[in-house]
There are 4 protein chains.
Amino acid sequence: MRVIFIGDVMGEIGQQMLTTYLPKLKSKYRPQLTVVNGENIARGKGITRALYKLILQAGADVVTMGNHTFDKDEIFDFIDSEPKLIRPANYPAKTTPGRGFTTIKVNQTTVGVINLQGRVFLDNIDDPFAKIDTILAELQAKCQVILLDFHAETTSEKLAMGWYTDGRLSAVLGTHTHVQTNDARILPEGTAYLTDAGMTGPYNEILGMRRDRVIERFRTNLPTRFETPTSGPGQLNGCYLEIDEQTGHAKQIKLISITPDRPLMD
Amino acid sequence: MRVIFIGDVMGEIGQQMLTTYLPKLKSKYRPQLTVVNGENIARGKGITRALYKLILQAGADVVTMGNHTFDKDEIFDFIDSEPKLIRPANYPAKTTPGRGFTTIKVNQTTVGVINLQGRVFLDNIDDPFAKIDTILAELQAKCQVILLDFHAETTSEKLAMGWYTDGRLSAVLGTHTHVQTNDARILPEGTAYLTDAGMTGPYNEILGMRRDRVIERFRTNLPTRFETPTSGPGQLNGCYLEIDEQTGHAKQIKLISITPDRPLMD
Amino acid sequence: MRVIFIGDVMGEIGQQMLTTYLPKLKSKYRPQLTVVNGENIARGKGITRALYKLILQAGADVVTMGNHTFDKDEIFDFIDSEPKLIRPANYPAKTTPGRGFTTIKVNQTTVGVINLQGRVFLDNIDDPFAKIDTILAELQAKCQVILLDFHAETTSEKLAMGWYTDGRLSAVLGTHTHVQTNDARILPEGTAYLTDAGMTGPYNEILGMRRDRVIERFRTNLPTRFETPTSGPGQLNGCYLEIDEQTGHAKQIKLISITPDRPLMD
Amino acid sequence: MRVIFIGDVMGEIGQQMLTTYLPKLKSKYRPQLTVVNGENIARGKGITRALYKLILQAGADVVTMGNHTFDKDEIFDFIDSEPKLIRPANYPAKTTPGRGFTTIKVNQTTVGVINLQGRVFLDNIDDPFAKIDTILAELQAKCQVILLDFHAETTSEKLAMGWYTDGRLSAVLGTHTHVQTNDARILPEGTAYLTDAGMTGPYNEILGMRRDRVIERFRTNLPTRFETPTSGPGQLNGCYLEIDEQTGHAKQIKLISITPDRPLMD
Ligand SMILES: [Fe+2]
Ligand SMILES: [Fe+2]
Ligand SMILES: [Fe+2]
Ligand SMILES: [Fe+2]
Ligand SMILES: [Fe+2]
Ligand SMILES: [Fe+2]
Ligand SMILES: [Fe+2]
Ligand SMILES: [Fe+2]
């Protein structure tokens, strides 16, 4: 099975990059499944129904989220009725709307897609390591292929998740730092691993936010309004995977990174 | 000017990778300057005099450090007398032994090498943004080429440093997360930038520490002894730079990543 | 029911203060139940079997712990066989030895004593708010009086726990900051509340650690060995409670603080 | 010299408590100097010109701030022209409006009042320990009495500041945690010390914010709007000091805490 995964889509430039390049990537890679992280699509903070639709229309099959899931109030209106929209599964079970994983039929194969969030330097939520065990106990019986978007800050927690689930997941793909890492590999037991898929949005800013504002905040510690710009050059980051549907093991993981310095090659 | 930079050398496997591959990289790239981050060379924690010598003998011209600088007491005996060994310049000025930057003559060119440490999710030390201004006020008059090893946790602080110094430094090369990022580029005003150079050490562990221990810590929150293994496959990560000695601007930045999955090509 | 609670006993001076003053406090207050936090009794880090015994012999009925529970390896040998020793109940259920709450018979009354740990600026463990609900579902049927030692860093998390459990617990007594707070009160539904009971140990040091070392660490950011002194003036901090055994509601909460400046009055 | 210090005034209830009780406290204690922390007076976040005036009219001579100093944009309009308004002195020197300390004439005595902010679990600003040395080098020549409002999160950083400046400051009074501590004392060299003066605002909420919202945030990790209530019972917290104008040493420090459970006694 061929899969494309696209990292955190950030604001209007992220939307443009996604709608422009996802079709081209689909022509190039012919993925049977496309997963896009949408936690920053609404001006950097959360998602709206219209923008969720936009991601699907651009070609995504599943939309994952992260620590910005609930930034836009509007999500409470549609998260429960959209099976293709998942948020970190380790938010408190009793009080969190939406779902943390979903399944999708790709030809004859049932694919599970899971979203989890790390805790180091991030929110105090449930244990993602215990949670993945619980979810896998449910999913392994019905899914041949299982993907995880692990939204986390530190390299240690992400690598720990990768090695902990090696052989049990088809891929562990990190998001949240907005910078793509160069450590894509297939772990010994067959799990494709990437610490961070990177971000889809402005190319000349800081994590997709106006760089002057971020620099000012670091230098002055004064309140500065973070804003995601609406024009300027963009980038798209993610990865391409090939997974053996029989074993659920990854056969290939390849970085995708489209920037003004690295245009998409056919 | 051709430069090689090697990220955090971790324990015994890191030493082996460095002594094995740095000579080969030198044959391949013929660098005129080689900088190596040595903060983890002594079993993951600090540096000893013998290991400092080992890095120089392996071919380094300057050794940079980070938050582990003072983990081994022994460093207090030699840091003040070794001009090629630098530690983060923004440690408290009055009480910190050693120096935060150094200059080195490469043919006719005086090169400045600076080490700074970020503060987000790291130690409470002096402001790296204010400090770089102070250091540059001193170095810019005498150096044509100036490199910075910015040892920091978050992508935002590193990107902010890169954009803040764009055109004033030849290169801003991040370290500390132990995972190489795939965002090497030359910023508009001529500064080569890389969020993290990655780590030089074990390939099948977590940040260079035994992965079973790290996973156990995440799962149990019990004390577990972190240890860097002494055998097993290794990796070496860093980058190659070409800098215009006239302008001090970077002409090229290229990732170096040698792993069992990505052997060194001639 | 009369209860004495003593905050974190710290090292040798803490031991001396406890063995000297707990008997005097018992004469003065005639408590039917005495609970002591012992997480720092072994030179500031954890507990040994001998020191656990020492706390019991000094007059404690139950010993609570905190983030230092497992600092001394020795505890793994006896924590499972000592029903009067409890550690934070919200450590991971499957992998943590020992128990997070206990019950004790005081005349005709069954008292529950619970230990929980906060997460803000502390370890990433299970949700203490969800956990207290689970524990209370079990304990409320059999206990008339239930006490909680909530070991946490921030005032917000502790106050939130107090108000969240108001009327369901007899007392929420904070520990961990090592400084007694002056906010003892009975909340509207009957729960006695104190943000922090304070520490039992050295009077002229910082949290019980040698003050010169702590100051040096703040000023230099260099490694300094934290040590708890073995001689010098001491303090003992805690509180006295009166609880209605019929309703489980608190009738009184009074600070106990014995220092050289505030000697114990009869 | 008799001094009253009042901790963080929080929102409308804080304003009412201050205007109601500060006059009564002045009658009772006849202070020659009154200092009030105003960082939360504007609905919990910052200060306006009108509310700054209100604090002065209520009887304050100097207003100190903290991490919320710049929450209300309006402060940029008046902070530079108000010598009695001080913000943490260790904000970046070049970019921060306002001043970090001030002097005031009390009869024949020149009193210095300093505001500093801690760094542990708070903003990355300049070193407060280095900064206090710099400020004291300037103030000690002209002031007989010097007070510090140290706005910090942890007990360790506050205690370290107290012991570090013992004998050099007349008083180190902590703020920020909004809970008064019970450790007021005079350190051996003459500095009055209190880890936290506590908060002036709502009595039945969490740090002055609506308790239902804070509890919901802890339990759900969902966005909840923190709000400071406008009605309900209030509390006022602070301390009373007596300082020897000849030596600058403290002679007395006494807690002030007015709550529905602890009404003001004449
Ligand atoms: Fe994101
Ligand atoms: Fe995120
Ligand atoms: Fe490192
Ligand atoms: Fe490091
Ligand atoms: Fe403790
Ligand atoms: Fe503790
Ligand atoms: Fe405050
Ligand atoms: Fe504050």
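The values are calculated or read from the model by the stated rules, or taken from the named source; none is laboratory data. What you see is a predicted model, and the numbers here were worked out from it, not measured in a lab. Cβ placement follows ideal geometry from the backbone for every residue including glycine, while neighbour counts extend to all protein chains displayed.
Across region D:141-194, what is the number of residues that are of a type in the set (Asp, Glu) and either within 16 Å of ligand 3 (Cβ to nearest atom) or over 27 Å from D:His68 (Cα atoms) (or both)?
Adding up the residues that qualify gives 2.
In region A:155-178, which residue that is closer than 26 Å to A:Asn40 by Cα and of a type in the set (A, V, I, L, M, F, W, C) is farthest from ligand 5 (Cβ to nearest atom)?
That would be A:Ala171.
Quick test of your reading of the structure: D:Asn107 fulfils all but one of (1) modelled with pLDDT of 95 or more; (2) over 16 Å from D:Ala141 (Cα atoms); (3) not small (Gly, Ala, Ser). Name the failing condition by number.
In the conditions (1) modelled with pLDDT of 95 or more; (2) over 16 Å from D:Ala141 (Cα atoms); (3) not small (Gly, Ala, Ser), D:Asn107 misses (1) alone.
One residue is enough: does region C:213-227 have a residue meeting the conditions touching a helix residue (DSSP H, G or I) at 6+ places or on another chain (Cβ under 6 Å), more than 8 Å from chain D (Cβ to nearest Cβ) and closer than 20 Å to C:Ile256 by Cβ?
Checked against the condition, which is being touching a helix residue (DSSP H, G or I) at 6+ places or on another chain (Cβ under 6 Å), more than 8 Å from chain D (Cβ to nearest Cβ) and closer than 20 Å to C:Ile256 by Cβ, region C:213-227 yields no hits at all.
Among the residues of region D:257-265, is any free of Cβ contacts under 8 Å to residues at least 24 places away in the same chain, surrounded by fewer than 24 Cβ atoms within 10 Å (Cβ to Cβ) and among the aliphatic types (A, V, I, L, M)?
yes
Within region D:248-263, does at least one residue satisfy the condition of being more than 19 Å from C:Asp196 (Cβ to Cβ), in contact with a Ser or Thr (Cβ under 9 Å, 6 or more places away or on another chain) and away from every other protein chain (no Cβ under 13 Å)?
Yes, region D:248-263 contains at least one residue that is more than 19 Å from C:Asp196 (Cβ to Cβ), in contact with a Ser or Thr (Cβ under 9 Å, 6 or more places away or on another chain) and away from every other protein chain (no Cβ under 13 Å).
May I ask you to verify whether D:Gly198 is assigned to a loop (DSSP other than H, G, I, E, B), of a type in the set (Gly, Ala, Ser) and within 17 Å of C:Glu153 (Cα to Cα)?
Criteria met by D:Gly198.
Select from region C:23-51 the residues that are more than 15 Å from C:Gly208 (Cα to Cα) and surrounded by 24 or more Cβ atoms within 10 Å (Cβ to Cβ) and list them in ascending order.
Matches in region C:23-51: C:Val35, C:Val36, C:Ile47.
Please verify whether B:Ile146 is surrounded by 24 or more Cβ atoms within 10 Å (Cβ to Cβ) and more than 23 Å from A:Ala152 (Cα to Cα), treating the condition exactly as stated.
So B:Ile146 passes the test.
Please tell me if C:Thr110 is touching a Cys at 6+ places or on another chain (Cβ under 6 Å), away from chain D (no Cβ under 14 Å) and in contact (Cβ under 8 Å) with a residue 24 or more places away in the chain.
The answer is yes for C:Thr110.
Here's a check for you: in region B:144-157, which residue that is in contact with a Lys or Arg (Cβ under 8 Å, 6 or more places away or on another chain) and not in a strand (DSSP E or B) is nearest to the other protein chains (Cβ to nearest Cβ)?
B:Glu157
Can you spot a residue in region C:174-187 that is surrounded by fewer than 17 Cβ atoms within 10 Å (Cβ to Cβ) and modelled with pLDDT of 95 or more?
no
Which one of these is within 14 Å of chain C (Cβ to nearest Cβ) and away from ligand 1 (no atom under 16 Å from the Cβ): B:Gly98, B:Gly59?
So the residue among B:Gly98, B:Gly59 that is within 14 Å of chain C (Cβ to nearest Cβ) and away from ligand 1 (no atom under 16 Å from the Cβ) is B:Gly98.
Matching residues to (1) surrounded by fewer than 18 Cβ atoms within 10 Å (Cβ to Cβ); (2) modelled with pLDDT under 95; (3) within 16 Å of ligand 7 (Cβ to nearest atom):
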{"site": "D:Gly201", "(1), (2), (3)": "no, no, yes"}
{"site": "D:Arg211", "(1), (2), (3)": "no, no, no"}
{"site": "D:Val214", "(1), (2), (3)": "no, no, yes"}
{"site": "D:Arg217", "(1), (2), (3)": "no, no, no"}
{"site": "D:Leu222", "(1), (2), (3)": "yes, no, no"}
{"site": "D:Arg225", "(1), (2), (3)": "yes, yes, no"}
{"site": "D:Gly232", "(1), (2), (3)": "yes, no, no"}
{"site": "D:Ile243", "(1), (2), (3)": "no, no, no"}
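In region C:62-95, what count of residues is obtained for those that are more than 22 Å from C:Leu33 (Cα to Cα), hydrophobic (A, V, I, L, M, F, W, C) and either away from chain B (no Cβ under 14 Å) or within 16 Å of ligand 3 (Cβ to nearest atom) (or both)?
Residues that pass the stated criteria total 1.
Mind checking which residues of region C:173-189 are in a strand (DSSP E or B) and within 16 Å of ligand 7 (Cβ to nearest atom)?
Correct list: C:Thr181 only.
Taking the options A:Ala160, A:Ala130, name whichever one is touching a Pro at 6+ places or on another chain (Cβ under 7 Å), assigned to a helix (DSSP H, G or I) and either surrounded by 18 or more Cβ atoms within 10 Å (Cβ to Cβ) or among the small types (Gly, Ala, Ser) (or both).
A:Ala130
Tell me the residue from A:Ile75, A:Ile104, A:Ile114, A:Ile79 that is of a type outside the set (Lys, Arg) and under 16 Å from the mean Cα position of the chain (by Cα), please.
A:Ile114
Hey, A:Val145 hits all of (1) closer than 23 Å to A:Met199 by Cα; (2) in contact with a strand residue (DSSP E or B) (Cβ under 8 Å, 6 or more places away or on another chain) but one; which does it fall short on?
(1) is the only condition that A:Val145 fails.
Which ones in region A:174-202 are of a type outside the set (Val, Ile, Thr) and over 18 Å from the mean Cα position of the chain (by Cα)?
Answer for region A:174-202, where residues must be of a type outside the set (Val, Ile, Thr) and over 18 Å from the mean Cα position of the chain (by Cα): A:Leu187, A:Pro188, A:Glu189, A:Gly190.
So A:Ile135 clears everything in (1) within 12 Å of another protein chain (Cβ to nearest Cβ); (2) surrounded by fewer than 24 Cβ atoms within 10 Å (Cβ to Cβ); (3) within 19 Å of the chain's Cα centre (by Cα) except one condition, right? Which one?
(1)
Quick grid of which residues meet (1) basic (Lys, Arg); (2) away from ligand 2 (no atom under 16 Å from the Cβ); (3) in contact with a strand residue (DSSP E or B) (Cβ under 9 Å, 6 or more places away or on another chain); (4) assigned to a helix (DSSP H, G or I):
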| residue | (1), (2), (3), (4) |
| --- | --- |
| D:Ile47 | no, yes, yes, no |
| D:Lys53 | yes, yes, no, yes |
| D:Gln57 | no, yes, no, yes |
| D:Val63 | no, yes, yes, no |
| D:Gly66 | no, yes, yes, no |
| D:Asp71 | no, yes, no, no |
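In the list B:Arg30, B:Arg49, B:Arg43, which residue meets the criterion of being within 16 Å of ligand 4 (Cβ to nearest atom) and either modelled with pLDDT of 95 or more or more than 14 Å from every other protein chain (Cβ to nearest Cβ) (or both)?
B:Arg43
Please count how many residues of region A:159-212 are over 25 Å from A:Gly14 (Cα atoms), more than 8 Å from chain B (Cβ to nearest Cβ) and basic (Lys, Arg).
Residues meeting the conditions: 1.
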